[in-house]
1. Yes or no: GLU103 of a type in the set (Asp, Glu) and more than 24 Å from GLY26 (Cα to Cα)?
2. Is segment 76-85 home to any residue that is farther than 17 Å from LEU52 by Cα and not acidic (Asp, Glu)?
3. Of everything in segment 89-127 that's small (Gly, Ala, Ser) and farther than 18 Å from SER75 by Cβ, which residue is surrounded by the most Cβ atoms within 10 Å (Cβ to Cβ)?
4. For segment 36-63, what are the residues that are within 19 Å of GLY86 (Cβ to Cβ) and touching a helix residue (DSSP H, G or I) at 6+ places or on another chain (Cβ under 9 Å)?
5. Is it the case, given these coordinates, that LEU87 is over 13 Å from ALA32 (Cα atoms), aliphatic (A, V, I, L, M) and in contact with a helix residue (DSSP H, G or I) (Cβ under 9 Å, 6 or more places away or on another chain)?
6. Out of all the residues in segment 78-110, which are more than 16 Å from HIS64 (Cα to Cα) and of a type in the set (Lys, Arg)?
7. Sort out which residues of segment 23-52 are over 14 Å from LEU110 (Cβ atoms) and crowded, with 19+ Cβ neighbours inside 10 Å, and write them in order of number.
8. Considering only segment 1-120, give the strands (runs of 3 or more DSSP E) lying wholly within it that have at least 1 residues that are in contact with a Gly (Cβ under 7 Å, 6 or more places away or on another chain) and modelled with pLDDT under 90.
Amino acid sequence: MAGCSPAEKVSSIQNIGCELGDVVNGRALNIATTVAPITSIVANIAGGTPTLIKGIVPEGTNSHTFEPKPSDAASLESADIIFINGLVLEEPTKDLAMANLKESANVCELGTEVLPVSEYIYDFSFPKEGGKPNPHLWTNPPM
């Protein structure tokens, strides 16, 4: 992203497939994320722009069993956009986000934005009959 203007970087977030809602003028963009890899990706895309990024699930914490604290609701409520994995990885955090989402904000489920249902992966830990795909996305773009 070197050489991009702040507007281009915000546009890059939108190009992921997620809308920002109303344009944010005159203040930093408040972004909430769930798991550490998503926090890192978003921070790298938004780097150098006026953003406040809050990761909800602490690094090293099992996101499958993580239960957000009531104080996390305030972070989610103030967010302009919330990035989550989707694919049923962090349902309690998603539920809290949806319950506290301000009108102009959006939740971007990266897994469901970039991965068609036909490409969901199931295995012994995530059997197809359970209906929940393996949510462990790897950043392995085709070269």
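1. Details: of a type in the set (Asp, Glu): yes; more than 24 Å from GLY26 (Cα to Cα): no.
When the stated conditions are applied, GLU103 does not pass them.
2. From segment 76-85, those farther than 17 Å from LEU52 by Cα are 85; that's our starting set.
Add one more test, that the residue is not acidic (Asp, Glu), and what stays is 85.
Among the residues of segment 76-85, at least one is farther than 17 Å from LEU52 by Cα and not acidic (Asp, Glu), which makes the answer yes.
3. Going residue by residue through segment 89-127, those that are small (Gly, Ala, Ser) are 97, 99, 104-105, 111, 118, 125.
Narrowing the set further to residues that are farther than 18 Å from SER75 by Cβ leaves 111, 118, 125.
Numbers: GLY111: 18, SER118: 5, SER125: 9.
Here the residue is GLY111.
4. If the condition is that a residue be within 19 Å of GLY86 (Cβ to Cβ) and touching a helix residue (DSSP H, G or I) at 6+ places or on another chain (Cβ under 9 Å), then ILE38, ILE41, VAL42, ILE45, ILE53, LYS54, GLY55, ILE56, VAL57, THR61, SER63 are the ones that fit.
5. Numbers: over 13 Å from ALA32 (Cα atoms): yes; aliphatic (A, V, I, L, M): yes; in contact with a helix residue (DSSP H, G or I) (Cβ under 9 Å, 6 or more places away or on another chain): yes.
Yes; evaluated as a whole, the condition is true for this residue.
6. Within segment 78-110, just LYS102 meets the criteria.
7. LEU29, ASN30, ALA46, THR51, listed by residue number.
8. 106-109
The values are calculated or read from the model by the stated rules, or taken from the named source; none is laboratory data. The structure displayed is predicted, hence computed values, not measured ones. In this analysis, Cβ positions are derived from the backbone assuming ideal geometry, glycine residues included, and neighbour counts consider all displayed protein chains.
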